[in-house]
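Below is one structure, written out as structure tokens; comments come after it.
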Amino acid sequence: MFAVKFRFLGRAGAICDDKRQEFILLGDILGIEVLCDMLTNPVTGTESESTVLGPFYRENPPVLPHGASTAQKHFDNEETVFMEGYVKDTAGKPLAGVTLDIWEDAPNGLYENHDHDQPDYNLRGRFETDENGYFALRAVRPVPYPIPADETAGELLRYMGHHPNRPGHLHFIVARDGYRTLVSQIYDRSSKWLDNDSVFAVKDSLVGDFVPAKPEHGTDLYLRFDFTLKAEAAAAALAAE
């Protein structure tokens with residue numbers, strides 16, 4: 001039995017590279033990553049909830065100007081989205097100079113690092129809040145997709161009798177010096193699999209409404225979503241208790 005387990009883990013390790021992290025996938029489908037996140041980042045006040053990072057993050061995405069689009073390639077079935085919001089602290093003070101790192105899947109259900117037909121860093125970018133804590137960007141509506149299930153993670157899913165699907169979502173890392181970095185996702189309220197996410201990462205406070213955009217937005221849809229960051233001193237004090 002132990003030999004079988006070690007061979008399984010060995011095969012998972014052999015799959016890992018700079019584009020695929022099979023161990024993260026295994027942790028996701030077992031609920032380990034979301035449990036660790038809940039224990040590490042408990043919500044004690046008005047700060048935004050975090051959730052899993054996932055296996056598709058890439059460092060150093062392009063820094064984009066206010067209101068720019070992350071899309072470098074367009075798809076016939078895409079719905080463009082204008083997103084805006086504010087980042088504040090738990091006292092309601094706007095936070096300037098906050099970096100928002102965003103990434104998502106394309107309308108074909110693939111992230112660019114798993115799709116050779118997409119340009120490098122497609123649907124990825126970094127934005128910064130202005131003096132009022134305001135940010136704006138353009139992207140596309142995220143679509144539901146199955147996590148990679150062709151290797152060990154898929155074997156485990158099938159053994160558990162569970163599906164590999166995730167609801168449509170946007171990934172965010174929201175960061176500023178002096179505040180706890182927020183790793184989170186925004187889910188499309190109309191998406192399938194919200195109540196049955198394969199990695200257990202959906203939280204009610206992270207569900208957003210993609211509504212028809214106004215002409216001035218220049219997109220198909222509009223999304224408003226705000227973030228609240230907890231000061232690092234407060235987070236450290238909580239951890240010390």
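The values are calculated or read from the model by the stated rules, or taken from the named source; none is laboratory data. Computed from a prediction, not measured in an experiment: that's the story for all the values here. Neighbour counts run over all protein chains shown; Cβ positions are idealised from the backbone, glycine included. These accessible areas exclude ligands, DNA and RNA; they are computed on the full protein's heavy atoms, side chains included. Shrake-Rupley method; radii C 1.70, N 1.55, O 1.52, S 1.80 Å.
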- Task: Could you check how many residues of the stretch 164-181 are open to solvent by 30 Å² or more (accessible area, probe 1.4 Å) and not in a strand (DSSP E or B)?
- Result: 6
- Message: Going through 190, 198, 184, 205 one at a time, which residue ends up being of a type in the set (S, T, N, Q), touching a residue at least 12 places away in the same chain (Cβ under 8 Å) and open to solvent by 70 Å² or more (accessible area, probe 1.4 Å)?
- Response: 190
- Look through 232, 151 and report the one residue that is farther than 22 Å from residue 42 by Cα, of a type in the set (D, E, K, R) and surrounded by 12 or more Cβ atoms within 10 Å (Cβ to Cβ). 151
- When residue 22 is run through (1) closer than 27 Å to residue 161 by Cα; (2) under 17 Å from the mean Cα position of the chain (by Cα), the failure sits at (2)
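Quick grid of which residues meet (1) over 15 Å from residue 181 (Cβ atoms); (2) in contact with an Asp or Glu (Cβ under 7 Å, 6 or more places away or on another chain):
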position	(1), (2)
13	yes, no
16	yes, yes
21	yes, no
27	yes, yes
32	yes, no
37	no, no
40	no, no
52	no, yes
- Looking at the stretch 91-107, which of its residues are in a loop (DSSP other than H, G, I, E, B) and surrounded by 15 or more Cβ atoms within 10 Å (Cβ to Cβ)? 95, 98, 104, 105, 106, 107
- Note on the structure: Within the stretch 35-54, restricting to residues that are open to solvent by 80 Å² or more (accessible area, probe 1.4 Å) and part of a loop (DSSP other than H, G, I, E, B), the one that is farthest from residue 171 (Cα to Cα) is 44
- Message: Suppose the filter is open to solvent by 40 Å² or more (accessible area, probe 1.4 Å) and not in a loop (DSSP other than H, G, I, E, B); does residue 57 pass it?
- Response: no
- Residues that are within 17 Å of residue 191 (Cα to Cα) and either touching a Lys or Arg at 6+ places or on another chain (Cβ under 7 Å) or acidic (Asp, Glu) (or both), drawn from the stretch 73-92: 78, 79, 80, 81
- Please state which of the following conditions residue 124 fails to meet, knowing it meets all the rest: (1) closer than 15 Å to residue 78 by Cα; (2) within 13 Å of the chain's Cα centre (by Cα); (3) open to solvent by less than 10 Å² (accessible area, probe 1.4 Å). (1)
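May I ask you to verify whether residue 109 is on the phi > 0 side of the Ramachandran plot and under 17 Å from the mean Cα position of the chain (by Cα)?
So residue 109 fits the description; yes.
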- Of the residues in the stretch 199-226, those that are in contact with a Lys or Arg (Cβ under 6 Å, 6 or more places away or on another chain) and within 30 Å of residue 26 (Cβ to Cβ) number 1
- residue 227 meets each of (1) in contact with a helix residue (DSSP H, G or I) (Cβ under 9 Å, 6 or more places away or on another chain); (2) open to solvent by less than 10 Å² (accessible area, probe 1.4 Å); (3) within 26 Å of residue 100 (Cβ to Cβ) with one exception, condition (1)
